[in-house]
Structure formats: C-alpha cells, structure tokens
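S.K.: Submitted below is the structure of interest, expressed as structure tokens.
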Amino acid sequence: MAEAVILGTSSAFPTETRNHPAVYINAGGKHLLFDCGEGTQRQIRIADLKPSIDYIFITHWHGDHSLGVGGILQSLNMMRRSEPVNIIGPSGTTASIKHILNTYKFYSRLPIKTRSLDLKKEMLIADLGQYAIYGINVKHSVKCIGYRLQEKDNINIKTELLNKYKIKPSPLLKSLKEGKDVRYMGKILKAKKFTYLKKGTVLVYLTDLAYEKSLAKFARNADILIIESTFSSTLEEKARDVNHLTVLDALTIAKQADAKKVYLVHTSQRYEDSKTIENEIMKLKKKLKINAEVSIPNDLCRIEF
Ligand SMILES: [Zn+2]
C-alpha cells in the first residue's frame, strides 16, 4: 500500500487555502515529491509527514513547481542526511540545481544526484524496487515531464486454498510464488492453482501541459490520476495559448485512459470558489459517460492506493 498527499493545489499564485503544487508520496518505504513549490516544507510539517525526501521529480522549472527545492535542500543538509537525494527533471535540471546551490549560502555536505531528462517516448526513469517511475515529455511553454508511478505486478498465494487444504506456512510457498510446483506432504501443489496475479497500482501525475491525444496512453489504467485543469472549458482559447488543460481536456484524458479516481489540481485562482468547476464536472461526467470519481481536492488531501 502506498500513500499520496496532495500538498498544494493552486496554480501560479498560492491563495489563502491553496499552496503551490507538490505531491508527497510514500511508496515502498521511499519518500518522493512530484514537484516542490514554495511552502512545500511547511505543508509536509502540517501533514505530519517524514521530511526526509529520497527523490524529487520536477515536472518543469516554472517557479510555482520548483521554488521550494532550495529550502528542502537546506533543511536536508541541516539534518545531516548522508543518503543521496535524487533530483530528476527535464533538460537543464542539473544546471538549475547548481544555480540553487551557488545562490543560497549554506555549506552543503548533502550528497545530491541530479538527472536531466529528455524523454521523447515513455521511459523507465527510476526503479525503487516494488515501485517504478516512468516519464514522458509533455508539451508546455518550457520543457516539461509527466510522471507515472507503477507498482510492480505480484504473484500472490491464494490463502483461502491454503486454509482449505490445511497447508501450514512453509518456505515451499516461496517456490509457489515463483511459479514452481512443489511437493508438500506427499502431494503436488500446482503453482497455477495456488497463486494469482495481483496487478500493481498506478498513479499518474500530469501538470502544466497542452492537450495531446497520446496522453491517454501514458495515463492508461491509472488508479489515481492527478491532473491539472487550470481553466474552465469556457476558456479553451486561453488554455491553448498558455499550454494548459481545461476541465474538458482533463476529463477527456481521464475517460480515454480509463482512470479510476481523478483529482483535478492547479486550479486558477479565479476559481477560488470551486463551484463553477464542480458544476462543469457534473455536466461533463454525464456527457462523456465517465464513471470515475472526479474531485477538486483541498490541500493535504490523502490518497491510499
Ligand atoms: Zn508551468
């Protein structure tokens, strides 16, 4: 089981109730951030999350998505962290981190590993054991990446059959999980009969991007889709001008990807009262025949997946 906490749901301007973008994820014992806007550290404190971050995945280097990076690095340095912090983002990320470290005058002993990516197609970018992170370039006014966190599929034992046949816990069960038939008390236990495939869960994070048909493929079968919808569908032209999504764009991607739970974030401050967008969602869900749960989360919304 993994947990995501949406730390910030605003777009360019933080508001009284919405912080700059960041999503904190605890997956397989690793602590990740997708984006790190201003105030991210404080949100981590308020949400009572572990401040020791292993990976920061930056979508792009617009300030609202990255102004918090310097602060986190300063704190991790003061915490005398000895494990490396991995900072991954689009082309230019390594240079941006160098600038940050040159700009802020803290003596850093913190080991930092950076990677700058240019992903013309979906690629594996980090293998965390039980989970893997994939990325792809998306279209924005600057270089930008979409992220997909995928739990690996697992072969599990059918415990109800173990009970039925009175099979006690045994190291042999490990072989069953590896697909091998085993001999137990004189009987052959078939791996096929005693195991099943548990598909891993998927979380997709797409923000600051223009609509492209290919996005649905990247977000395919997402259990959790955290996606921007900066503008109401009535502002389609404006959205196209600034390479952002409307609510209609975001829900079209969600429908085509067959996403199960959809969280619309990066809401423009002009919708501080989210009623306009909520009404639009209701209408569009009917029109597009969307069964997924769709919501406009508040900051610090917690999601288990
Ligand atoms: Zn942006």
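S.K.: Looking at R80 and the list (1) within 17 Å of the chain's Cα centre (by Cα); (2) at positive phi, which single condition is not satisfied?
M.R.: (1)
S.K.: What are the residues in the range 211-224 that are farther than 22 Å from Q130 by Cα and touching a helix residue (DSSP H, G or I) at 6+ places or on another chain (Cβ under 7 Å), if any?
M.R.: Within the range 211-224, Y211, L215, A216 qualify.
S.K.: Can I ask one more? Taking the range 129-188 on its own, how many of its residues are of a type in the set (S, T, Y), part of a strand (DSSP E or B), away from the ligand (no atom under 16 Å from the Cβ) and touching a strand residue (DSSP E or B) at 6+ places or on another chain (Cβ under 7 Å)?
M.R.: 2
S.K.: When you go through F231, F194 one by one, which is the residue that is in contact with a His (Cβ under 7 Å, 6 or more places away or on another chain) and either at pLDDT below 95 or under 20 Å from L284 (Cα atoms) (or both)?
M.R.: After ruling out the rest, the residue left standing is F231.
S.K.: OK, next. Got at least one residue in the range 257-266 being more than 13 Å from F231 (Cα to Cα) and surrounded by fewer than 17 Cβ atoms within 10 Å (Cβ to Cβ)?
M.R.: Checked the range 257-266: at least one residue is more than 13 Å from F231 (Cα to Cα) and surrounded by fewer than 17 Cβ atoms within 10 Å (Cβ to Cβ).
S.K.: Going residue by residue through the range 182-190, is there one that turns out to be within 24 Å of the chain's Cα centre (by Cα) and not aliphatic (A, V, I, L, M)?
M.R.: No, that holds for no residue.
S.K.: Give me the pairs: first residue in the range 143-155 and over 20 Å from W61 (Cβ atoms) and touching a residue at least 40 places away in the same chain (Cβ under 8 Å), second residue of a type outside the set (A, V, I, L, M) and within 16 Å of the ligand (Cβ to nearest atom), beta-carbon distance under 8 Å, and six or more apart or on different chains, which are they?
M.R.: The qualifying pairs are R148/Y205; L149/Y205.
S.K.: Shifting gears a bit: Do we have G68 as more than 17 Å from I145 (Cβ to Cβ), in contact (Cβ under 8 Å) with a residue 12 or more places away in the chain, in the same structural domain as T114 (by TED's automatic domain parsing) and in contact with a Gly (Cβ under 9 Å, 6 or more places away or on another chain) here?
M.R.: yes
S.K.: Given the structure, is K166 modelled with pLDDT of 90 or more and among the basic types (K, R)?
M.R.: No.
S.K.: Separate question: Could we say that T17 is modelled with pLDDT of 95 or more and of a type in the set (S, T, N, Q) here?
M.R.: Against the criterion (modelled with pLDDT of 95 or more and of a type in the set (S, T, N, Q)), T17 does not qualify.
S.K.: Something else now. How many of the residues in the range 43-66 are in contact with a helix residue (DSSP H, G or I) (Cβ under 9 Å, 6 or more places away or on another chain) and away from the ligand (no atom under 16 Å from the Cβ)?
M.R.: Selection size over the range 43-66: 7.
Here's the yes/no breakdown for (1) assigned to a loop (DSSP other than H, G, I, E, B); (2) out of contact with any Phe, Trp or Tyr (no Cβ under 7 Å at 6 or more places or on another chain); (3) surrounded by fewer than 23 Cβ atoms within 10 Å (Cβ to Cβ):
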| position | (1), (2), (3) |
| --- | --- |
| V23 | no, no, no |
| N26 | no, yes, yes |
| L32 | no, no, no |
| R42 | no, yes, yes |
| K50 | yes, yes, yes |
| I53 | yes, yes, no |
| I56 | no, yes, no |
| W61 | yes, yes, yes |
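S.K.: Let me ask something else. For the range 194-301, which helices (runs of 4 or more DSSP H) that fit wholly inside it have 2 or more residues that are in contact with an Asp or Glu (Cβ under 9 Å, 6 or more places away or on another chain)?
M.R.: Those helices (runs of 4 or more DSSP H) span 215-218, 236-241, 247-257.
S.K.: Restricting attention to the range 81-108, which residues are of a type in the set (S, T, N, Q) and either assigned to a helix (DSSP H, G or I) or surrounded by 12 or more Cβ atoms within 10 Å (Cβ to Cβ) (or both)?
M.R.: Those that are of a type in the set (S, T, N, Q) and either assigned to a helix (DSSP H, G or I) or surrounded by 12 or more Cβ atoms within 10 Å (Cβ to Cβ) (or both): N86, S91, T93, T94, S96, N102, T103, S108.
The values are calculated or read from the model by the stated rules, or taken from the named source; none is laboratory data. Computed from a predicted structure; not experimentally measured. Ideal geometry is used to build each Cβ from the backbone, glycine not excepted, and the neighbour counts take in all protein chains shown.
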